[in-house]
Amino acid sequence: MGKGKISPVNRLLIVDDDHALVKLLKRFLEGEAFQVDAAYDHASGLSAALAGDHELIVLDVMLPGGSGFELLKELRRHSQVPVLLLTARGEAVDRIVGLEIGADDYLSKPFDPRELVARIRAIFRRTREPAAGEVHPEQDEVLTVGDISMSLGSRTVTCAGEPVDVTAVEFNVLELLLRNAGKIVTREQIAEAALGRSLNLLDRSVDVHVSRLRRKLSAALGADEFIKPIRGTGYFLPAETVEKSKA
């Protein structure tokens, strides 16, 4: 899924021009066994993010020299490293735009550092590849529905034999839909499985992630959108030719 180097375990990059906040977060996160690097503007943040030395990037929307959105857009051209976006409280547009560009999740300022740790760990649980020698029951499992196929071991997706580049959250959304092909999957189920958290009433994170995934699959298949929205409930993926196999 990503194109960079294998990232060191627990190494994070914070990109935020608020030096006091970064210092506070760095101290707190290091107390939680994370390694933390920091950048304070667009140029140095992008350079550090593209180096491929981090497992996750905490990215503020407002940065000197260019916005966090611009940084994220450029980063997504080269890497699918998970990104947790920091937005101003009440700025719903910022959250939606960030998710559309490719952020994995967001957190509104001000926030409790413990909530940041919980979000980071939730992302790691759903994006980390098994450690060397570690075997999971689904490690080599391949899920296929029609022309869509995904390998859980390599965390790759193909449509009609062609690779589709998806983010970590999009991969998790698709896995849930494939496993439940032929059934309606609620937005709440998707949030728990893909984001590791519950949704509040105004949270549109799931809808934005599914929308991006639908567009990617539709473009790859050259057909109408394969994932069907169910008004007021969730999403439905038809169960045509559902298959499970071992790679």
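The values are calculated or read from the model by the stated rules, or taken from the named source; none is laboratory data. Note that this is a predicted model, so its numbers are computed, not measured. Every residue, glycine as well, gets a Cβ built from its backbone with ideal geometry; the counts of neighbours run over all protein chains shown. With ligands, DNA and RNA removed, areas are computed over all heavy atoms of the protein, side chains included. Shrake-Rupley method; radii C 1.70, N 1.55, O 1.52, S 1.80 Å.
Summary of values
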| quantity | calculated |
| --- | --- |
| Unmet criterion (only one of (1) more than 19 Å from Q80 (Cβ to Cβ); (2) under 16 Å from the mean Cα position of the chain (by Cα); (3) not charged (D, E, K, R)) for V173 | (1) |
| Answer residue from region 230-244, given it is out of contact with any Ser or Thr (no Cβ under 9 Å at 6 or more places or on another chain) and open to solvent by 40 Å² or more (accessible area, probe 1.4 Å) and is modelled with the lowest pLDDT among those | E240 |
| Residues located in region 87-105, provided they are within 11 Å of D60 (Cα to Cα) and either surrounded by fewer than 23 Cβ atoms within 10 Å (Cβ to Cβ) or of a type in the set (V, I, T) (or both) | T87, A88, D94 |
| Selected residue (only one of E175, E141, E188, E170 is at pLDDT 90 or above, open to solvent by less than 30 Å² (accessible area, probe 1.4 Å) and acidic (D, E)) | E170 |
| Some residue of region 114-122 being open to solvent by 50 Å² or more (accessible area, probe 1.4 Å) and at pLDDT below 90 | no |
| Any hit, region 76-86, residues being polar (S, T, N, Q), buried (at least 16 other Cβ atoms within 10 Å of the Cβ), touching a residue at least 12 places away in the same chain (Cβ under 8 Å) and within 19 Å of L199 (Cα to Cα) | no |
| Subset of region 35-58 (residues that are more than 13 Å from V22 (Cα to Cα), more than 20 Å from the chain's Cα centre (by Cα) and buried (at least 17 other Cβ atoms within 10 Å of the Cβ)) | H42 |
| Contacts under 7 angstrom Cβ, first residue in region 198-216 being without any contact (Cβ under 8 Å) to a residue 60 or more places away in the chain and within 18 Å of R119 (Cα to Cα), partner open to solvent by less than 40 Å² (accessible area, probe 1.4 Å) and assigned to a loop (DSSP other than H, G, I, E, B), 6 or more apart | V206/L199 |
